[in-house]
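Have a look at the structure below, then the notes.
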Amino acid sequence: SIDQAGEAVKAATAAFPAWSRTPIEKRQAIVNKIADALNANAAELARILTAEQGKPLPEAQGEIAWAEGYLRHTATMSLEMKVVQDDAAARVEVRRMPLGVVVGIVAWNFPMLLAAWKIGPALVAGNTIVIKPAPTTPAATLKLGALIKDIVPPGVINIIADDNDLGPYLTSHPAVAKVSFTGSVETGRKIMKSGADTLKRLTLELGGNDVAIVLDDVNVAEVAPKIFEAAMTNCGQVCIAAKRIYVQGAIYEEMAAALAAIAKDAVVDDGSKQGTRLGPLQNKAQYDKVRSLLDSARKQGGTVIGGETLDRPGYFLRPAIVKNVKEGTRIVDEEQFGPIAPLIRFEDDDDVVRRANATQYGLGGSVWSSNPARARKIAEQIEAGTVWINQHIAIGPHIPMAGAKQSGVGVEQGPEGLAEFTQVRVLSIAKSAA
């Protein structure tokens with residue numbers, strides 16, 4: 001309720017003065033203790049995550065381990081004071097100070113990992129935080145809250161679940177200094193407007209329609225499983241998944257056949273069952289959207305291989321390889337966020353760069369080639385925050401992650417990501433006597 005959200009902000013506001021004055025070593029130690037709690041309860045948290053999110057249990061276990069690892073790495077980071085001038089005239093120091101109360105709004109695709117991405121740097125930097133998990137995936141996050149309630153001082157971390165109705169209240173609240181949001185471009189725009197009256201600090205990690213460019217010099221048998229993984233991990237519900245696969249003409253049919261064979265063999269089932277490769281889509285709205293995109297692809301002349309619904313309760317869909325589609329169709333132009341790999345034919349290296357960049361999105365992208373110089377030349381021209389060569393979704397807590405264009409504002413991870421949770425404060429001291 002609004003009242004509870006108000007209480008959460010109030011508690012975070014009250015806790016901030018003491019927490020911000022707590023030595024950074026103690027703040028780092030508490031972030032490590034949160035990681036310890038994740039580690040000690042990993043099996044239970046992974047089961048809850050699979051039950052509410054749908055991902056196969058090994059992927060859920062991986063997410064808990066990643067969340068723990070991100071927290072531990074963040075706990076090693078500090079904010080050193082820098083001296084930018086020290087001469088006969090003056091000494092000038094630059095410090096990084098905490099902002100205050102942070103609101104962290106988390107998407108439903110990686111509830112635990114995304115919460116860790118916000119909690120770790122917020123706390124290390126000296127802020128307090130209100131975390132709002134997605135309405136369809138609050139359970140694991142609330143369980144984490146129960147596990148850490150005696151580890152973290154009261155009010156420093158507050159977790160509030162909602163029915164998708166508290167976002168506007170939290171993002172416009174005058175006591176909130178910063179909003180860190182992971183989710184869709186549309187919601188990101190709303191949050192930017194909502195925070196405008198109080199000029200909130202914002203980090204927005206938004207949608208992507210990430211390109212994977214596969215050049216004609218690759219070994220198709222080796223690359224196809226990696227492309228499939230890049231497109232289909234977490235049932236394709238990954239902001240930086242490969243969502244537009246550009247394949248050079250000479251290998252187009254061979255790559256399509258290889259991906260279709262992998263898709264045909266992929267086990268789609270309950271995520272808690274051993275051997276499941278893809279679980280269900282997480283919610284009905286996403287399921288309906290993905291089905292509508294596949295229908296539109298068929299109507300617009302595409303060939304859909306797979307993509308059948310399963311005759312059982314739940315939002316199960318077989319992975320779809322979609323051939324003979326191009327820009328101007330919904331399945332290529334829109335972010336699918338589902339188990340879909342559209343294959344777009346190209347012939348010329350320069351032409352594919354132009355086509356890859358003709359989008360509002362710019363989160364990530366990859367280039368696949370056995371020729372490093374050729375791959376690098378293309379990769380350096382892709383307008384995205386991260387471009388990989390011969391890999392995709394290779395991320396880590398030490399690597400800054402930033403969206404270009406409408407895929408986001410600000411940076412997460414690495415020293416740059418930690419700095420986003422701070423305010424620069426300059427102390428400039430004249431050397432001559434007053």
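Just for helices (runs of 4 or more DSSP H) wholly inside region 168-286: which have at least 2 residues that are farther than 21 Å from Gly362 by Cβ and not charged (D, E, K, R)?
On the way: elements: 185-194, 220-232, 252-265.
Passing ranges, in order: 220-232, 252-265.
So in region 391-401, with the set limited to residues that are open to solvent by 30 Å² or more (accessible area, probe 1.4 Å) and under 11 Å from the mean Cα position of the chain (by Cα), which one is nearest to Ser369 (Cα to Cα)?
Ile393
When you scan region 62-77, do you find a residue that is in contact with a strand residue (DSSP E or B) (Cβ under 8 Å, 6 or more places away or on another chain), among the aliphatic types (A, V, I, L, M) and open to solvent by less than 20 Å² (accessible area, probe 1.4 Å), even just one?
No, because not a single residue in region 62-77 is in contact with a strand residue (DSSP E or B) (Cβ under 8 Å, 6 or more places away or on another chain), among the aliphatic types (A, V, I, L, M) and open to solvent by less than 20 Å² (accessible area, probe 1.4 Å).
Sort out which residues of region 166-179 are touching a residue at least 40 places away in the same chain (Cβ under 8 Å) and either open to solvent by less than 40 Å² (accessible area, probe 1.4 Å) or not hydroxyl-bearing (Ser, Thr, Tyr) (or both), and write them in order of number. Can you show your working first?
From region 166-179, those touching a residue at least 40 places away in the same chain (Cβ under 8 Å) are 166-167, 169-171, 173, 175-179; that's our starting set.
Those that are touching a residue at least 40 places away in the same chain (Cβ under 8 Å) and either open to solvent by less than 40 Å² (accessible area, probe 1.4 Å) or not hydroxyl-bearing (Ser, Thr, Tyr) (or both): Leu166, Gly167, Leu170, Thr171, His173, Ala175, Val176, Ala177, Lys178, Val179.
I need the full set of residues from region 297-332 which are out of contact with any Lys or Arg (no Cβ under 8 Å at 6 or more places or on another chain) and part of a helix (DSSP H, G or I), in order please.
The answer is Arg298, Lys299, Arg330, Ile331.
Pairs please, first residue from region 348-363 and surrounded by fewer than 21 Cβ atoms within 10 Å (Cβ to Cβ), second anywhere and among the hydrophobic types (A, V, I, L, M, F, W, C) and not in a helix (DSSP H, G or I), Cβ atoms under 8 Å, 6+ apart in sequence or on different chains.
The qualifying pairs are Asp349/Leu215; Arg355/Ile344; Arg355/Phe346; Asn357/Ile382.
Got at least one residue in region 294-311 being within 15 Å of Glu334 (Cβ to Cβ) and within 24 Å of the chain's Cα centre (by Cα)?
Initially, region 294-311 is screened for residues within 15 Å of Glu334 (Cβ to Cβ), giving 294-297, 299-300, 302.
Pick out the ones that are also within 24 Å of the chain's Cα centre (by Cα) and you get none.
Within region 294-311, not a single residue is within 15 Å of Glu334 (Cβ to Cβ) and within 24 Å of the chain's Cα centre (by Cα).
Which residues, counting only those in region 115-137, are in a loop (DSSP other than H, G, I, E, B) and in contact with a Pro (Cβ under 8 Å, 6 or more places away or on another chain)?
Our first condition is that a residue be in a loop (DSSP other than H, G, I, E, B); within region 115-137, this holds for 125-127, 133-137.
Result: Ala125, Gly126, Asn127, Pro133, Ala134, Thr137.
The values are calculated or read from the model by the stated rules, or taken from the named source; none is laboratory data. The structure displayed is predicted, hence computed values, not measured ones. Counting neighbours? That spans all protein chains shown, and the Cβs are built from the backbone with ideal geometry, glycine included. Quick note on the areas: whole protein, heavy atoms, side chains included, nothing else; ligands and nucleic acids left out. Shrake-Rupley method; radii C 1.70, N 1.55, O 1.52, S 1.80 Å.
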